[in-house]
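Written out below as structure tokens is the structure these notes cover.
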Amino acid sequence: MGAGGSDGDDPALVASVRSRLSSGDLPPAGLTLTAGPGAHHPCIVCLLPITPSQIEYEVSDNAGGVLVSHLRCYLLWRAETRHRERGE
């Protein structure tokens, strides 16, 4: 796992994101981001806490809520969302 989350190259994390997107356990990644210091919230992607020494990315979901992730995790989540949207 990478610093502050999991690397996008982690095959287990990629498989988990794909599976969770397919089952609906992980919503599609939104495009609206804000960033701030971590507050020990769990990352929606890797489920590890985002500590105060890390940046917490707040991602708007389609239901008007906010989910938090590490940047690397968000980038993987967004890439996999795009693949699904394209039918890849």
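Out of the residues in segment 2-26 that are in a loop (DSSP other than H, G, I, E, B) and either surrounded by 14 or more Cβ atoms within 10 Å (Cβ to Cβ) or within 11 Å of the chain's Cα centre (by Cα) (or both), state the one that is modelled with the highest pLDDT. Write out each step before concluding.
Within segment 2-26, the first condition is being in a loop (DSSP other than H, G, I, E, B), and the residues that meet it are 2-10, 24-26.
Pick out the ones that are also either surrounded by 14 or more Cβ atoms within 10 Å (Cβ to Cβ) or within 11 Å of the chain's Cα centre (by Cα) (or both) and you get 2, 4-8, 10, 26.
On the way: 2: 42, 4: 45, 5: 48, 6: 46, 7: 48, 8: 47, 10: 88, 26: 93.
So the residue we want is 26.
Checking the structure you have, find out if any residue of segment 29-40 is within 11 Å of the chain's Cα centre (by Cα), at pLDDT 90 or above and not aromatic (Phe, Trp, Tyr). Yes, the conditions are met somewhere in segment 29-40. Of the strands (runs of 3 or more DSSP E) lying entirely inside segment 27-88, those containing at least 1 residues that are touching a Cys at 6+ places or on another chain (Cβ under 6 Å) and either in contact (Cβ under 8 Å) with a residue 12 or more places away in the chain or buried (at least 16 other Cβ atoms within 10 Å of the Cβ) (or both) are 66-69.
The values are calculated or read from the model by the stated rules, or taken from the named source; none is laboratory data. Only a predicted model underlies this, so the values are computations on that prediction, with no experimental measurement involved. Reconstructed Cβ throughout: ideal geometry from the backbone, glycine too, with neighbour counts over all protein chains shown.
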